[in-house]
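Here the structure is laid out as structure tokens; the discussion comes afterwards.
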Amino acid sequence: MSEKENPRCFFDLSIGDERVGRIVFELFADKCPKTVDNFRALCVGDKGNASKSGKPLHYKGCTFHRIIKGFMVQGGDFTHGDGTGGESIYGEKFEDENLELKHDKSGLLSMANAGKDTNGSQFFITTVPTPHLDGKHVVFGKVIKGWSVVVELENTPVDESKPRKPCVIDDCGELQPGEDDGICVDDGTGDKLPHWPSDSDLDFSKPEEVLAAAEVLKGIGNEQFKAQKYELAKNKYTKTLRYLNHSDSDGETTSSDEEVEKAEKVKKENIQEEKIQSLTISCLLNRAFCQIKLGDHGEAVADCNKVLDVDDKNVKALYRKGQAYMNMKDFDQAMVGFQAAAKLEPNDKSIKNEMARLKKLMEEHRNKEKQIYSKMFGK
């Protein structure tokens, strides 16, 4: 008779307004059955309300309230959301079940506590080995999919370990034996790839395979852009860039003893690198356009600068950078961008029109300033 599989649970996470993906956990029911039952029930939300706070015993809507880079990410306080609350399905607290498992690697799921036998609902995920916690906290699971989501959480900006943007468990639950892990989410766009490249089955040692997938992703982004779904389009361009960057950093190559084969291979790699760079620039420019439409002008400037770092004569990057600065009312920087673009494309009507609009805005701004000063110092 085969042993029963350990249960799997999931979190669907967002940071601010952006969905960042799914984390899937394996829970060590064979080692910590009581602790696992508590976490599983809080993921499913099938135990009613907490005895003390009266709030639903459910992680859905709960946040990761404490993040320390190079250590761990912590959540599970569904009552207060700041690390001072939380309750278990057994009552406010329950005892330590098994302190034998070690915090010897990243991706381990462990119970947060305030001392011996004070387990509630709060948990943490290690991002590095943390041996100083051995014998003090109960390790009861591990991340098996969605590690990049944990990395995204770990790297979100914080103020004294508190995330600046809410890091929310939008949904959670238990996966049944044999059930798909749900890493690939059908959002109706035709995108079949996981949110993060590390969860993909793509062979990143084959740039042509990654390029083909990236082209499809970018095409989906373009379709959303044409439909004026700028937030969704921006997310698809971001995802495309994520896959291209993963290819660039993780792809491996093999050497050949034959000089002819080696020369052909280098030539092929150079062509692929050019394609990757071209696609990267296109996605950055498209994403910048989306960000301008969404009012994220600082982010648009950042994307334009990334393009200009590679190609300082890219007219679209200069033009969109000018637009973003103009919308931020930084008229001097906007003029710098438009003038640089006009120097490269002196007959471009769009550039001429935006420069004319900018000059009008600058004139209006000067007139307003004159009126303000005249009221301040006039008799």
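Using the crude model of +1 on Lys and Arg Cβ and -1 on Asp and Glu Cβ, and no other charge, please compute the dipole size for the chain relative to its Cα centre, in debye to 20.
2460
Would you please give the FRET efficiency between Asp311 and Tyr373, computed as 1/(1 + (r/R0)^6) with r the Cβ-Cβ distance and R0 = 51 Å, to the nearest 0.05?
It comes out at approximately 0.75.
Sort 305-313, 363-371 by packing, meaning the average of other beta carbons within 10 Å per residue, with the highest value first.
305-313, 363-371
How far is it, in nm, from the label point at Leu294 to the one at Gln228 when both lie 7 Å from their Cα along the line to the Cβ?
In this crude spin-label approximation the distance works out to 1.8 nm.
If a paramagnetic tag sat 7 Å from the Cα of Arg19 along the Cα-Cβ line, which residues of segment 185-215 would have the backbone N under 14 Å from that point?
It comes to 185-196, nothing else.
What does the helix-only formula give at 222 nm for the chain: each DSSP H stretch with n ≥ 4 adding -39500 (n - 2.57), the total divided by the residues, and the result rounded to the nearest 500 deg cm²/dmol?
About -15000 deg cm²/dmol.
Which one, Gly178, Gly107, Gly21, has the greatest fluctuation when you compute a Gaussian network model over the chain with C-alpha springs under 10 angstrom?
Gly178
Can you pull out the GluC sites (Glu not before Pro) in segment 143-204 that DSSP calls coil and that have at most 15 other Cβ atoms within 10 Å?
Sparse-neighbourhood loop GluC sites (Glu not before Pro): Glu160, Glu179.
To the nearest 0.05, how large is the calculated FRET efficiency for Lys275 and Val151 if R₀ is 30 Å and r is the Cβ-Cβ distance?
0.65
Name the most mobile residue of Leu42, Leu27, Leu361, meaning the one with the largest mean-square fluctuation, in a Gaussian network model of the chain with Cα contacts below 10 Å.
With Cα springs under 10 Å in the chain, the top fluctuation among Leu42, Leu27, Leu361 is at Leu361.
To the nearest 10 degrees, how steeply does helix 297-310 sit against the main Cα axis of the chain, on a 0 to 90 scale?
70
Give me the angle, in degrees from 0 to 90, between the Cα long axis of helix 259-294 and the longest principal axis of the Cα atoms of the chain, rounded to the nearest 10.
Helix 259-294 sits roughly 80 degrees off the main axis of the chain.
Measure nothing but the geometry: give the 0 to 90° angle between the long axis through the Cα atoms of 349-377 and the longest principal axis through the Cα atoms of the chain, rounded to 10°.
90
Along the three principal axes, how long is segment 8-175 when you take its alpha carbons, biggest first, rounded to the nearest angstrom?
That gives 35, 34, 31 Å along the principal axes, largest extent first.
GNM on the chain, C-alpha springs below 10 Å: top fluctuator among Asn286, Asn113, Asn49?
Among Asn286, Asn113, Asn49, the largest mean-square fluctuation in the Gaussian network model of the chain belongs to Asn49.
So I have (i) 5, 18, 23, 20, 17, 10, 5, 1, 0, 0; (ii) 5, 24, 31, 21, 10, 4, 2, 1, 1, 0, 0; (iii) 5, 25, 34, 24, 10, 2, 0, and one of them is P(r) over Cα pairs in 10 Å bins from 0, in percent calculated from this model. Which one is it?
Identified label for the calculated read-out: (i).
Throughout, read-outs are computed from the coordinates displayed, never taken from laboratory work. Here the structure is a predicted model, which is why all the values come from computation and not from measurement. Glycine also receives a Cβ, built like all others from the backbone with ideal geometry; neighbour counts cover every protein chain displayed.
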